[in-house]
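J.: Below: one structure in structure tokens.
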Amino acid sequence: MRPRTRGGIRVRHFAAALAAALLVLPAAACGSDGGSSGDGFTVGLLLPSRSVPRWEHADRPYIQAQVKKLCPACSFEYANAENDASRQRQQMASMITKGAGVIILDAADTKAMRSSIQEARRAGVPVLAYDRLAEGPVAGYVSFDNVQVGRLQGQGLLDGMREEARGRTVVMMNGDPTSPNASRYREGALSVISDQVRIARAYDTLDWSAQNAHTNMSAAIAALGPGRIDGVLAANDEIAAGVIAALKSAGVTDLPPVTGQDADLDAVRRIVKGEQYMTVYKPFRKEAAAAAEMAVALGRGEDPRDRATTTTDSPTTRNIPTVLLTPVAVTADDIERVLVRDGAQTVGQICTRELRAACERAGLTP
């Protein structure tokens, strides 16, 4: 509740009325479900692209639902940058102009959004960095331990090669270099595999797109030969899709282990079929819930440190209140235990008719 001043008013009946009003305000301002006061505000959500399925299929609906639960009087505004930082800057400017109370930002380009975040701060609109840590004066940050994501991928790749991994030939298909997460995934993966394998080729994948990954993997196959690649460290499931398509196009039938991330439904099906070795599951509901909770707190003028579990430094800002969640590695043996039990997917969604036999081998039965 915002403080109200009475100035020099000394009219007796006004003071009495004010005192009476103050007695009833606590009951009116706080709902029993922890929702917003009667004065709601707008929570803006800016996501970076549609090329990664999770943004539209998981993050957006989960965040919107959790904001509504925490703050029934709040409104919700959403925009997608379609991999265009200029468009995202315009979208943020529009939300600021329309009077957003807080903005959740997953930056299309974490450096390019710095000036927009500064503009939001000048306007009194706190910005919560979501999944990717944007530069500038962000008020809070919610994501996963992204170095650990890379470690899980690196270990998964070694496990997938099964035999002695030392000296075997690996291709690294990194993420989009405009995302700081990509460098953290790479850092984590290299900490596990760099002294175990020979990294023959490494590529950045613009926009995290399957098409760009296909192009890069085709180049690697042409340079190394289709039968001389023992494993592929793919930074996410879209990249893995492009890698696997390129290997198939080159006539590879005994696919090497390929990693991934996000536990997309198509990727889980590829794991069941034996085409992709593993993925990394990041419980998006938990990430969305943490972001919505911190965003609503910021919109109410509360201290985000009360919701944070740690702090993070960006290139521009120190001690950012942060929530970092724990990722989980998933192979065929883990799908039921991790994904199905957590409600990420159902057996019915995963096990299409053509995958029925493979699902039975993986222990996935309705």
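The values are calculated or read from the model by the stated rules, or taken from the named source; none is laboratory data. These numbers come from a predicted model, not from an experiment. Virtual Cβ from ideal backbone geometry, glycine too; neighbours counted across all protein chains shown.
J.: Which residues, counting only those in region 174-196, are under 18 Å from ALA329 (Cβ atoms) and not basic (Lys, Arg)?
T.: Taking region 174-196 first, the residues under 18 Å from ALA329 (Cβ atoms) are 175, 181, 184-193, 196.
Passing the criteria: GLY175, ASN181, TYR185, GLU187, GLY188, ALA189, LEU190, SER191, VAL192, ILE193, GLN196.
J.: Another question, if that's okay. Answer yes or no as to whether SER179 is within 22 Å of the chain's Cα centre (by Cα), of a type in the set (S, T, N, Q), at pLDDT 95 or above and under 23 Å from ARG318 (Cβ atoms). Outline the logic, then answer.
T.: Values: within 22 Å of the chain's Cα centre (by Cα): yes; of a type in the set (S, T, N, Q): yes; at pLDDT 95 or above: no; under 23 Å from ARG318 (Cβ atoms): yes.
The answer is no for SER179.
J.: So if I check each of THR331, THR259, THR311, which one is of a type in the set (Ser, Thr, Tyr) and buried (at least 22 other Cβ atoms within 10 Å of the Cβ)?
T.: Numbers: THR331 fails: buried (at least 22 other Cβ atoms within 10 Å of the Cβ); THR311 fails: buried (at least 22 other Cβ atoms within 10 Å of the Cβ).
So the residue among THR331, THR259, THR311 that is of a type in the set (Ser, Thr, Tyr) and buried (at least 22 other Cβ atoms within 10 Å of the Cβ) is THR259.
J.: Now for a separate question. Is it true that ALA308 is in the same structural domain as VAL52 (by TED's automatic domain parsing), more than 30 Å from CYS351 (Cα to Cα), assigned to a loop (DSSP other than H, G, I, E, B) and out of contact with any Lys or Arg (no Cβ under 8 Å at 6 or more places or on another chain)? Show your work before the answer.
T.: Details: in the same structural domain as VAL52 (by TED's automatic domain parsing): yes; more than 30 Å from CYS351 (Cα to Cα): yes; assigned to a loop (DSSP other than H, G, I, E, B): yes; out of contact with any Lys or Arg (no Cβ under 8 Å at 6 or more places or on another chain): yes.
Judged against the criteria, ALA308 is a match.
J.: Additional query: Taking region 65-102, which residues are charged (D, E, K, R), over 19 Å from ALA288 (Cβ atoms) and outside any loop (DSSP other than H, G, I, E, B)? It would help to see each step written out before you state the result.
T.: Taking region 65-102 and keeping what is charged (D, E, K, R), we get 68-69, 77, 82, 84, 87, 89, 98.
If we keep only those that are over 19 Å from ALA288 (Cβ atoms) too, we end up with 82, 84, 87, 89, 98.
Result: ARG87, ARG89.
J.: Any residue that is more than 20 Å from SER183 (Cβ to Cβ), modelled with pLDDT of 95 or more and not in a strand (DSSP E or B) - is there at least one of those in region 197-209? Even if it seems obvious, please write down each step before you answer.
T.: So the first thing to find is which residues in region 197-209 are more than 20 Å from SER183 (Cβ to Cβ), and the list is 198, 200.
Narrowing further to those that are modelled with pLDDT of 95 or more: 198, 200.
Checking the rest, the ones that are also not in a strand (DSSP E or B) come to none.
No - not one qualifying residue is present in region 197-209.
J.: Taking region 50-64, which residues are assigned to a helix (DSSP H, G or I), of a type outside the set (Phe, Trp, Tyr) and in contact (Cβ under 8 Å) with a residue 60 or more places away in the chain?
T.: Step one: filter region 50-64 for residues assigned to a helix (DSSP H, G or I), giving 54-64.
Then drop every residue that is not of a type outside the set (Phe, Trp, Tyr), which leaves 54, 56-61, 63-64.
Of everything in region 50-64, those that are assigned to a helix (DSSP H, G or I), of a type outside the set (Phe, Trp, Tyr) and in contact (Cβ under 8 Å) with a residue 60 or more places away in the chain turn out to be ARG54, ALA58, ASP59, ILE63.
J.: Please find, among ARG151, ARG168, ARG122, ARG114, the residue that is at pLDDT below 95 and farther than 17 Å from VAL296 by Cα. So that I can check it myself, show each step before the final result.
T.: On the way: ARG151 fails: at pLDDT below 95; ARG122 fails: at pLDDT below 95; ARG114 fails: at pLDDT below 95.
Going through ARG151, ARG168, ARG122, ARG114 in turn, just one is at pLDDT below 95 and farther than 17 Å from VAL296 by Cα: ARG168.
J.: Would you say ALA245 is within 14 Å of THR279 (Cα to Cα) and small (Gly, Ala, Ser)? Working first, answer last.
T.: Details: within 14 Å of THR279 (Cα to Cα): no; small (Gly, Ala, Ser): yes.
So ALA245 fails the test.
J.: Determine if region 62-83 includes at least one residue that is at pLDDT below 95, within 30 Å of ASP266 (Cα to Cα), in contact with a Pro (Cβ under 8 Å, 6 or more places away or on another chain) and not hydroxyl-bearing (Ser, Thr, Tyr).
T.: Yes, there is a match, as at least one residue in region 62-83 is at pLDDT below 95, within 30 Å of ASP266 (Cα to Cα), in contact with a Pro (Cβ under 8 Å, 6 or more places away or on another chain) and not hydroxyl-bearing (Ser, Thr, Tyr).
J.: Another question, if that's okay. When you check LEU298 against the structure, is it assigned to a helix (DSSP H, G or I), under 30 Å from GLU77 (Cα atoms) and either outside the structural domain of PRO126 (by TED's automatic domain parsing) or of a type in the set (Asp, Glu) (or both), yes or no?
T.: Here the answer is no, as LEU298 does not meet what is asked.
J.: Can you tell me which residues in region 106-124 are more than 19 Å from the chain's Cα centre (by Cα), among the aliphatic types (A, V, I, L, M) and surrounded by fewer than 23 Cβ atoms within 10 Å (Cβ to Cβ)?
T.: If the condition is that a residue be more than 19 Å from the chain's Cα centre (by Cα), among the aliphatic types (A, V, I, L, M) and surrounded by fewer than 23 Cβ atoms within 10 Å (Cβ to Cβ), then ALA123 is the only one that fits.
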